[in-house]
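Please read the structure below before turning to the comments.
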Amino acid sequence: MNRYVDKFISYLEIEKNYSKHTILNYTLDLEDFFKFTQETPPEKIDYLFLRRYLAVLKTKEYRPRSVARKLSALRSFFKFLEREGLIKNNPTTLLMSPKLDKTLPKFLSEEEMAAFVDAPALDKLSGKRDHAILETLYSTGIRVSELVGLNIEDIDFISNVAKVAGKGKKERLVPIGNRALESIQDYLNTRKQKSNVVFLNKNGTRLSTRGVCNLTHKYIQALSMEKKVSPHVLRHSFATHLLNRGADLRSVQELLGHVNLSTTQIYTHISTERLKKVYDQAHPRA
């Protein structure tokens with residue numbers, strides 16, 4: 001089975017251009033499945049076999065979203081085996097994914113976001129860096145993985161754009177505001193390390209996504225905010241505030257780097273301030 005997995009992972013890396021994060025999750029999910037199969041050959045695995053595996057997951061009380069992710073890994077794997085002629089029939093075709101509850105993304109108000117971004121003290125290098133990070137995340141709406149991957153040559157300080165590598169290593173240009181650019185420039189001018197990497201940790205190497213998570217939690221606690229805030233909340237807030245101020249959904253989709261518009265549409269459920277304003281202005285009994 002291991003040789004099949006090695007071929008599959010190479011296929012995801014080279015042909016599908018999947019991110020390291022996705023490949024790691026798929027690998028872990030397949031390893032979990034193979035513990036259940038006990039070296040059963042792929043051609044012997046059928047629909048009923050997979051149903052028994054799902055029943056085991058249910059007894060372990062996996063959340064529906066986790067089960068759906070494991071199913072996604074299995075579907076991709078068996079589809080690959082069928083395409084390569086290693087099995088005759090794909091046993092996952094009849095499997096139904098569990099119904100997922102649609103959870104609305106958390107976001108901060110414009111006032112909360114302003115206080116959050118301005119929380120780092122600017123009398124230290126670490127504060128200048130953290131301020132630049134929060135300004136950039138809110139200004140661009142980019143993912144944390146895209147932020148930590150930024151090199152200095154990726155930022156055009158004249159044209160106010162940055163080049164980021166998104167999911168599937170797809171590159172795109174995103175606008176970046178003057179405040180974010182000024183904070184980045186202030187940080188770069190202050191630090192002594194010579195590197196083409198924009199955001200460095202205390203050891204002078206590229207900052208990790210975990211490092212960004214840690215500093216986010218630090219400033220939320222400093223502000224005594226009760227909300228559970230991750231770096232992704234800045235991305236949610238970015239999208240929500242744009243829609244509240246009149247941006248169209250298609251433009252927000254492009255800015256966020258979403259492949260499907262349906263992924264962006266979830267923000268329309270929480271972007272209510274603009275709808276209330278339109279309602280108040282237009283309805284005769286508002």
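The values are calculated or read from the model by the stated rules, or taken from the named source; none is laboratory data. All values derive from a computational prediction rather than experimental measurement. Positions of Cβ are backbone-derived with ideal geometry, glycine not excepted, and every protein chain shown enters the neighbour counts.
So residue 94 fits all but one of (1) in a loop (DSSP other than H, G, I, E, B); (2) touching a residue at least 40 places away in the same chain (Cβ under 8 Å); (3) closer than 26 Å to residue 228 by Cβ; (4) not hydroxyl-bearing (Ser, Thr, Tyr); what number is the exception?
With respect to (1) in a loop (DSSP other than H, G, I, E, B); (2) touching a residue at least 40 places away in the same chain (Cβ under 8 Å); (3) closer than 26 Å to residue 228 by Cβ; (4) not hydroxyl-bearing (Ser, Thr, Tyr), residue 94 is out only on (3).
In region 9-26, which residue that is over 19 Å from the mean Cα position of the chain (by Cα) and β-branched (Val, Ile, Thr) is surrounded by the fewest Cβ atoms within 10 Å (Cβ to Cβ)?
Filtering region 9-26 down to residues over 19 Å from the mean Cα position of the chain (by Cα) leaves 9-11, 14-15.
Retained after the next criterion (residues that are β-branched (Val, Ile, Thr)): 9, 14.
Details: 9: 18, 14: 9.
Only one residue fits best here, namely 14.
Being loosely packed, with under 11 Cβ neighbours inside 10 Å, touching a residue at least 40 places away in the same chain (Cβ under 8 Å) and not hydroxyl-bearing (Ser, Thr, Tyr) narrows it down to one of 106, 88, 60, so name that one.
Details: 106 fails: loosely packed, with under 11 Cβ neighbours inside 10 Å; 60 fails: touching a residue at least 40 places away in the same chain (Cβ under 8 Å).
That would be 88, the only listed residue that is loosely packed, with under 11 Cβ neighbours inside 10 Å, touching a residue at least 40 places away in the same chain (Cβ under 8 Å) and not hydroxyl-bearing (Ser, Thr, Tyr).
Every residue, every condition in (1) closer than 29 Å to residue 143 by Cα; (2) in a helix (DSSP H, G or I); (3) of a type in the set (Val, Ile, Thr), yes or no:
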position	(1), (2), (3)
4	no, yes, no
10	yes, yes, no
23	yes, yes, yes
52	no, yes, no
76	yes, yes, no
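Among the residues of region 196-210, write down those that are among the small types (Gly, Ala, Ser) and without any contact (Cβ under 8 Å) to a residue 12 or more places away in the chain.
Going through region 196-210, the residues among the small types (Gly, Ala, Ser) turn out to be 204, 208.
Selection gives 204 alone.
Of the residues that make up region 128-135, is at least one at pLDDT 95 or above and of a type in the set (Lys, Arg)?
Yes.
Inside region 107-132, can you point out the residues that are touching a helix residue (DSSP H, G or I) at 6+ places or on another chain (Cβ under 7 Å) and closer than 15 Å to residue 229 by Cα? Working first, answer last.
Within region 107-132, the first condition is being touching a helix residue (DSSP H, G or I) at 6+ places or on another chain (Cβ under 7 Å), and the residues that meet it are 107-108, 110, 113, 116-117, 119-122, 125, 128-132.
Listed by number, the residues that qualify are 107, 108, 110, 113, 116, 117, 119.
Would you check if residue 265 is of a type outside the set (A, V, I, L, M) and at pLDDT below 85?
Numbers: of a type outside the set (A, V, I, L, M): yes; at pLDDT below 85: yes.
Taking the combined requirement at face value, the residue satisfies it.
Restricting to region 35-52, and then to whatever is of a type outside the set (Val, Ile, Thr) and surrounded by 15 or more Cβ atoms within 10 Å (Cβ to Cβ), can you tell me which residue is farthest from the chain's Cα centre (by Cα)? If you could, list the steps in order and put the result at the bottom.
Going residue by residue through region 35-52, those that are of a type outside the set (Val, Ile, Thr) are 35-36, 38-39, 41-44, 46-52.
Going one step further and asking which of them are surrounded by 15 or more Cβ atoms within 10 Å (Cβ to Cβ), we end up with 42, 50.
On the way: 42: 32, 50: 29 Å.
Selected residue: 42.
Just one of the numbered conditions (1) in contact (Cβ under 8 Å) with a residue 12 or more places away in the chain; (2) over 27 Å from residue 16 (Cβ atoms); (3) in a helix (DSSP H, G or I); (4) not polar (S, T, N, Q) is not true of residue 111; which one?
(1)
Quick one: what pairs do we get from region 1-29, first residue on the phi < 0 side of the Ramachandran plot, second in a loop (DSSP other than H, G, I, E, B), C-beta under 6 Å, 6+ apart or different chains?
12/18
Restricting to region 194-231, give me the number of residues that are part of a helix (DSSP H, G or I), more than 17 Å from residue 135 (Cβ to Cβ) and of a type in the set (Lys, Arg).
Total satisfying the criteria: 1.
Would you be able to tell me the number of residues in region 2-22 that are under 16 Å from residue 79 (Cβ atoms) and either hydrophobic (A, V, I, L, M, F, W, C) or in contact with a Gly (Cβ under 9 Å, 6 or more places away or on another chain) (or both)? Lay out the reasoning, then the answer.
If we filter region 2-22 for residues that are under 16 Å from residue 79 (Cβ atoms), which is where we start, we get 4-5, 7-12, 15-16, 18, 22.
Then drop every residue that is not either hydrophobic (A, V, I, L, M, F, W, C) or in contact with a Gly (Cβ under 9 Å, 6 or more places away or on another chain) (or both), which leaves 5, 8-9, 12, 16, 18, 22.
Within region 2-22, residues that are under 16 Å from residue 79 (Cβ atoms) and either hydrophobic (A, V, I, L, M, F, W, C) or in contact with a Gly (Cβ under 9 Å, 6 or more places away or on another chain) (or both) number 7.
Name the one entry in 246, 257, 211 that is surrounded by 12 or more Cβ atoms within 10 Å (Cβ to Cβ), at pLDDT below 85, of a type in the set (Gly, Ala, Ser) and in the same structural domain as residue 177 (by TED's automatic domain parsing). First the steps, then the outcome.
Working: 246 fails: surrounded by 12 or more Cβ atoms within 10 Å (Cβ to Cβ); 211 fails: at pLDDT below 85.
Unique residue meeting the criteria: 257.
Please determine whether any residue of region 239-260 is in contact with a helix residue (DSSP H, G or I) (Cβ under 6 Å, 6 or more places away or on another chain), under 14 Å from residue 132 (Cβ atoms) and not in a strand (DSSP E or B).
The answer is no, given that none of the residues of region 239-260 is in contact with a helix residue (DSSP H, G or I) (Cβ under 6 Å, 6 or more places away or on another chain), under 14 Å from residue 132 (Cβ atoms) and not in a strand (DSSP E or B).
Among 165, 119, 132, which is the only one that is closer than 17 Å to residue 222 by Cα and in the same structural domain as residue 215 (by TED's automatic domain parsing)?
Values: 165 fails: closer than 17 Å to residue 222 by Cα; 132 fails: closer than 17 Å to residue 222 by Cα.
Answer to the check: 119.
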